[in-house]
Structures are given as C-alpha cells and as structure tokens.
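What follows is a set of notes on a single structure, which appears directly below.
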Amino acid sequence: MLMNRAKALKILELLEKKYPNANIMLARDKFQLLIATVLSAQTADKQTIKVAKKLFQKYGTPEKLAGASLKKIESTIKEIGLYKIKAKRIKSIAKTINEHYNGKVPASMEELLKLPGVGRKTANIVLGKGFGKQEGIAIDTHAFRISRRLGLSKGKTALAVERDLMELLPKEKWTRFTDMLILHGRSICKAQKPKCEECFLNELCEWKNG
Ligand code: SF4
C-alpha cells in the first residue's frame with residue numbers, strides 16, 4: 001500500500017526546506033541538455049559537465065553532431081564510462097533530430113521516447129528542465145533508492161516508483177523532487193552507509209524505523 005499523501009507532503013516540505021535551491025542543470029540549451037543527460041548515465045555530474053562542454057565546443061548542434069564521425073565523437077568523450085555506446089547513441093539521436101524534427105528537440109514524451117536510447121528518465125529531465133513541462137518524475141539511482149527507503153513506494157522498477165510518486169506529489173514539484181533526492185542521496189542517504197542518525201527525515205522514514 002502507498003504511503004499516505006499527508007506524510008509524503010511532509011517529506012516534500014522538509015526536503016524543500018533543506019534543499020531550497022535544488023536545480024541540477026547539465027546544460028541550458030535543449031539539445032545539449034538531452035545529449036548531456038544521455039552522457040550522464042553512470043557518470044558523476046562533474047565529469048559529465050566537463051566532457052559535455054568539450055563535446056559542445058566542437059559539436060553543439062544536431063547538425064554538427066550528426067555530421068561528426070563516430071571516431072571523433074568517441075575520442076572527444078572517451079573520459080566517461082561506456083563512451084563507445086554513448087558516442088553511437090548521441091550521434092544517432094542527433095541524426096534523428098536533424099532529419100526528422102527539423103533540428104529541434106521534440107517536446108512530447110511520446111516523441112522523445114522514440115529517439116534512440118532515450119528512456120523515461122531522460123525524457124522527464126528534458127521535458128521538465130528544457131520545456132518546463134511536468135509529465136513525469138525522473139527516477140535515477142538516488143530517486144529510486146530513497147523513495148523506497150522512505151516508504152514512498154515499494155515499486156521494484158523505476159516505472160513503478162515513478163507512478164507511485166506521481167500519485168503522491170503535486171505535479172508542479174515533480175522535476176524539483178528528483179533534484180532534491182539526488183542532493184539528499186549524495187550527502188546523507190548514501191547507497192552504502194546512509195547517515196540516518198543525522199537525517200532530518202528519520203522520523204518519517206520507513207527504512208530507518210523498519
Ligand atoms: S533516515 Fe536514513 S534511510 Fe531514511 S532517508 Fe534518512 S538517511 Fe535515508
């Protein structure tokens with residue numbers, strides 16, 4: 001059974017108090033945001049931003065990235081994990097946007113999910129931060145782990161957790177919620193050793209109290 005809404009809203013309130021400026025932006029331009037988000041999979045944001053900056057200095061538009069050779073893209077992003085797969089993916093995304101969307105990132109979930117290698121997490125980030133549209137909640141590793149620990153969801157997949165959070169939280173907070181959980185996961189609710197004794201959510205947390 002889902003946690004009750006009042007408790008979820010209390011958690012939201014406390015997170016907002018603790019992380020009032022949570023707004024993780026990998027890039028401002030919509031296309032660059034999409035590509036940087038794809039690059040960020042299993043990579044720290046600091047490293048993603050560094051590599052993305054290098055990439056966008058050379059190939060910052062769909063046209064330029066689509067026209068670059070795979071070898072050149074690979075050598076530009078080789079400092080990040082899974083760079084070969086990511087190089088192929090971002091070139092293919094750029095090509096699709098260039099050829100089918102007139103060089104513009106599509107603004108709907110349905111169209112974004114058709115792009116090669118783009119899943120709901122990436123689409124939610126692009127829609128939320130690039131277009132200001134709240135269509136879902138991006139579930140990354142922090143959001144997944146912490147939502148389950150808190151008892152906001154018992155879902156076993158990112159999609160199930162996302163659905164539960166969407167039922168519990170006001171729509172206008174969806175994009176920010178992920179960012180706050182990321183900050184909380186980096187500083188307190190770490191994957192290996194969560195610092196429950198110093199956590200401002202410990203009275204409400206099922207993991208700690210369970
Ligand atoms: S009490 Fe512990 S498990 Fe719960 S949110 Fe805080 S750090 Fe994470």
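Taken as a whole, region 68-81 holds no residue that is modelled with pLDDT under 95, assigned to a helix (DSSP H, G or I) and polar (S, T, N, Q).
Are any residues in region 177-202 within 14 Å of Lys17 (Cβ to Cβ), near the ligand (Cβ under 9 Å from one of its atoms) and touching a residue at least 40 places away in the same chain (Cβ under 8 Å), and if so, which ones? If the condition is that a residue be within 14 Å of Lys17 (Cβ to Cβ), near the ligand (Cβ under 9 Å from one of its atoms) and touching a residue at least 40 places away in the same chain (Cβ under 8 Å), then His184, Phe200, Leu201 are the ones that fit.
Screening Lys50, Lys17, Lys64, Lys46 for residues that are farther than 24 Å from Phe131 by Cα and part of a helix (DSSP H, G or I) leaves exactly one candidate, Lys17. For region 149-163, how many residues are over 17 Å from Thr175 (Cα atoms), surrounded by 18 or more Cβ atoms within 10 Å (Cβ to Cβ) and within 16 Å of the ligand (Cβ to nearest atom)? Residues flagged as over 17 Å from Thr175 (Cα atoms), surrounded by 18 or more Cβ atoms within 10 Å (Cβ to Cβ) and within 16 Å of the ligand (Cβ to nearest atom) within region 149-163 amount to 4. Considering region 164-205, the residues that are within 14 Å of Ala138 (Cα to Cα) and among the aromatic types (Phe, Trp, Tyr) include one that is surrounded by the most Cβ atoms within 10 Å (Cβ to Cβ), namely Phe177.
The values are calculated or read from the model by the stated rules, or taken from the named source; none is laboratory data. Just so we're clear, the structure is a prediction, and the values are computed from it rather than from any experiment. Using ideal geometry, Cβ is built from the backbone for each residue, glycine included, and neighbour counts are taken over all protein chains shown.
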